[in-house]
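For reference, the structure discussed in these notes is given below.
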Amino acid sequence: MHCLNQKTMYPTLLFCHSLLRWFVLGSLLYSIYVAYKGYSLQLPFTKKDNLVRHWTATIAHIQLIFGILIYVQSPIVRYFWKNFKEAIQNLDAAFFGVLHIVLMLTAIVLITIGSALAKRKPADRDKFKTMLFWFSIALIIIFIAIPWPFSFLANRPYIR
């Protein structure tokens, strides 16, 4: 027996993805703050700092899983790929069919690279600097790729 049928699974996944966005943004902003503070004040890279780095990447990866599940079920994405020549002209369909997923995958890759590189740096200041650089670039990309209510690319409510 399935807990969620096809009609309820997509909206549930969409709601979780929408809600989890705030955890991704919060953890990234906090990581960037920790990295900036640690780098500029030349603080030691503590176990807590390492956990912040690790959980930021983990939360981003969980969000990625939800995003992929939504992508393969999305009626907008299905329309986009079935009617590519027509749909590519539709900014909303093109955004969710290509732009959103490409930018978000890029951001997750940057977070993953930044996390892995920071973990392996021998010097504490280099760990902070690496996190600061890679996570900041990822955050900028994520801000562009989120369908904010005020976005000209595609707009959605803050929570769906």
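Looking at (1) touching a Ser or Thr at 6+ places or on another chain (Cβ under 9 Å); (2) modelled with pLDDT of 95 or more; (3) within 20 Å of F15 (Cα to Cα), which is the only condition F128 fails?
Looking at each condition in turn, F128 falls short on (3).
Taking the condition of being open to solvent by 50 Å² or more (accessible area, probe 1.4 Å), among the β-branched types (V, I, T), in contact (Cβ under 8 Å) with a residue 12 or more places away in the chain and within 17 Å of V102 (Cβ to Cβ), how many residues in the stretch 32-75 meet it?
0
What is the number of the single condition among (1) open to solvent by less than 60 Å² (accessible area, probe 1.4 Å); (2) at pLDDT 95 or above that H17 does not meet?
Going through (1) open to solvent by less than 60 Å² (accessible area, probe 1.4 Å); (2) at pLDDT 95 or above one by one, H17 breaks only (2).
A quick yes/no check of all residues on (1) touching a residue at least 60 places away in the same chain (Cβ under 8 Å); (2) over 20 Å from L19 (Cα atoms); (3) open to solvent by less than 40 Å² (accessible area, probe 1.4 Å):
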{"position": "I113", "(1), (2), (3)": "no, yes, no"}
{"position": "L117", "(1), (2), (3)": "no, yes, no"}
{"position": "K127", "(1), (2), (3)": "yes, yes, yes"}
{"position": "F133", "(1), (2), (3)": "no, yes, no"}
{"position": "N155", "(1), (2), (3)": "no, no, no"}
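The values are calculated or read from the model by the stated rules, or taken from the named source; none is laboratory data. Just so it is clear, the structure is predicted and the values come from calculations on it, not from any experiment. Positions of Cβ are backbone-derived with ideal geometry, glycine not excepted, and every protein chain shown enters the neighbour counts. Just the protein is used for accessible areas: all its heavy atoms, side chains included, with ligands, DNA and RNA removed. Shrake-Rupley method; radii C 1.70, N 1.55, O 1.52, S 1.80 Å.
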